[in-house]
Structure formats: C-alpha cells, structure tokens
Amino acid sequence: MECRKFQITLISAQDLENVREKFRMKVYAKLSIGGDSRTERTSPVDTEGETNPAWNFTTGYTIGKKAVEYQGIMLVIKLYCSRTLGDRYIGEVSVSFKDLFDGAVATGGSATVSYPVKKGAADSKGVLKFSYSFGDIVIVKKPSVWARGMAVAGTILVKVIAEVAFGGGLDDLDIPFSGEDVPIDVDVPVDSSGSSQDPKN
C-alpha cells in the first residue's frame with residue numbers, strides 16, 4: 001500500500017491544570033491514533049516542570065496516504081499526572097492528520113504547532129506544543145494473514161470511528177501492525193454508478 005511516514009516530537013506543555021492537592025505534578029503523555037490502544041506510544045514522565053512539563057520525545061507512525069486526504073483519522077494526545085495510587089487524567093489534544101498535513105504543506109511537510117488542552121467538550125487549561133513532519137509516499141508491504149488477524153480488534157474500533165466521521169460505510173479500512181509502525185489505509189467508498197464519493201459530503 002502507498003503510505004507516508006509521520007514523525008512527531010512532543011516538546012512541552014505550559015500552564016496545565018494542577019490535578020494534585022499535594023506533592024509535585026509529574027506529567028506524561030500517551031499518543032495514539034483515534035484513541036486505539038494498539039497504536040499507543042507513551043512519553044517519559046517529566047519530574048521537574050510540574051504544570052510546565054518538557055519531554056522532547058520523538059515517535060512516529062506509518063499512515064496510508066489517504067489518511068491525510070479526509071477528516072476523521074485523528075491523532076490523540078492525552079496528558080496524565082503520574083501518581084502512586086493511580087494516574088490522573090489532565091486533558092488532551094485531538095487533531096486530524098488531514099489538518100496537520102494541510103498545515104505543513106506550505107513549509108515543506110513539517111511544522112511546529114501549539115494546541116489548547118481540552119477536557120471533554122470544554123477547554124481545560126494550558127497549551128501543548130509539538131513539532132511534526134510528513135515524509136514522501138513510500139510503498140509498504142501488507143502483513144501476513146496471521147498478522148492481520150492480530151489487528152482485528154483495532155481494525156473494528158477505528159473502522160467504526162471512521163464510518164461515523166465519514167458518514168457512511170468504508171469498503172476497506174486496513175490497519176496492519178508491523179513493529180513500531182502502524183500503516184493505515186482508507187479507501188474512498190464508491191457508489192453504484194462507479195464514481196468516488198467524498199466522505200466529507
């Protein structure tokens with residue numbers, strides 16, 4: 001399948017909500033595609049910055065080229081406070097790969113951005129800063145039937161998310177898992193006349 005490499009560096013956050021009544025805030029982040037735990041990456045815990053953590057943590061994904069053409073495939077970054085008696089949720093940033101890609105086109109495929117941290121439908125407190133880049137299109141071999149079977153649960157979850165976002169059934173949504181990379185390929189649904197439908201409509 002045709003894919004792009006996506007690399008992200010989680011830089012820092014500023015003025016986060018203090019969710020501890022006692023002791024220091026120790027903040028880390030979990031990154032995923034659409035909230036799917038199979039795509040999750042976890043940053044180191046910042047033990048010094050408290051409500052102003054810094055990580056400079058770099059990770060990446062391999063995404064199908066169509067994931068940047070339509071809204072609905074989301075990068076989700078959730079922030080937590082590390083605690084002995086259970087970590088506490090601070091808030092999150094959720095942004096589509098299409099928006100990220102569109103924002104980076106003018107600067108050669110990379111950008112540094114800041115987004116407000118949200119909790120539910122409302123803004124929480126603070127801003128998250130990260131940089132990212134998209135690589136050129138490359139061909140990635142799809143994994144074996146066995147490997148694809150291991151990804152069934154994740155496929156179903158992200159397919160449901162994509163169908164809701166795109167307002168219709170997708171004929172094919174492949175999420176094979178291979179090492180550290182998670183290729184995602186979204187095929188545009190075709191109507192009975194044979195013409196492509198824009199999932200945004």
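Can you sort F134, F6, F23 from fewest to most other Cβ atoms within 10 Å of each residue's own Cβ?
Taking fewest neighbouring Cβ atoms as first place, the list is F23, F134, F6.
Using all Cα-Cα distances in region 24-90, what percent lands in each 10 angstrom bin from 0 up to the longest?
The percentages, shortest bin first, are 19, 44, 26, 10, 1.
Just give me a number: lysine pairs in region 1-86, eight or more positions apart or cross-chain, with C-alpha atoms less than 26 Å apart.
Counting lysine pairs in region 1-86 gives 12.
Modelling each spin label as a point 7 Å along the Cα-to-Cβ direction, I'd like the K5/E40 distance in nm, to one decimal.
For the pair K5/E40, the computed spacing is 2.7 nm.
Which net charge results when you count Lys and Arg as +1 and Asp and Glu as -1 among the other residues whose beta-carbon is under 9 Å from that of L79?
Neighbourhood net charge equals +1.
Principal axis extents for region 1-123, Cα atoms only, whole Å, descending order, please.
49, 28, 27 Å, listed from the longest principal axis down.
With a point put 7 Å past each Cα toward its Cβ, work out how far A54 is from A121 in nm, to one decimal.
Label at A54, label at A121, 3.8 nm between them.
Quick one: net charge of I90's neighbours, Cβ under 9 Å, K/R +1, D/E -1?
My count for the surroundings of I90 gives +2.
Once phi is turned into ³J(HN,Hα) by the Karplus curve 6.51 cos²θ - 1.76 cosθ + 1.60 with θ = phi - 60°, what whole-Hz value does each residue of region 44-49 show in order, with x for glycine and proline?
Whole-Hz 3J(HN,Hα) from phi for region 44-49: x, 8, 7, 9, 10, x.
Values quoted throughout were computed directly from the atomic coordinates according to the rules given, and no laboratory measurement underlies them. Everything numeric here is computed off the predicted structure, so don't read it as measured data. Quick reminder, even Gly has a Cβ in these numbers, built from the backbone with ideal geometry, and neighbours come from all protein chains shown.
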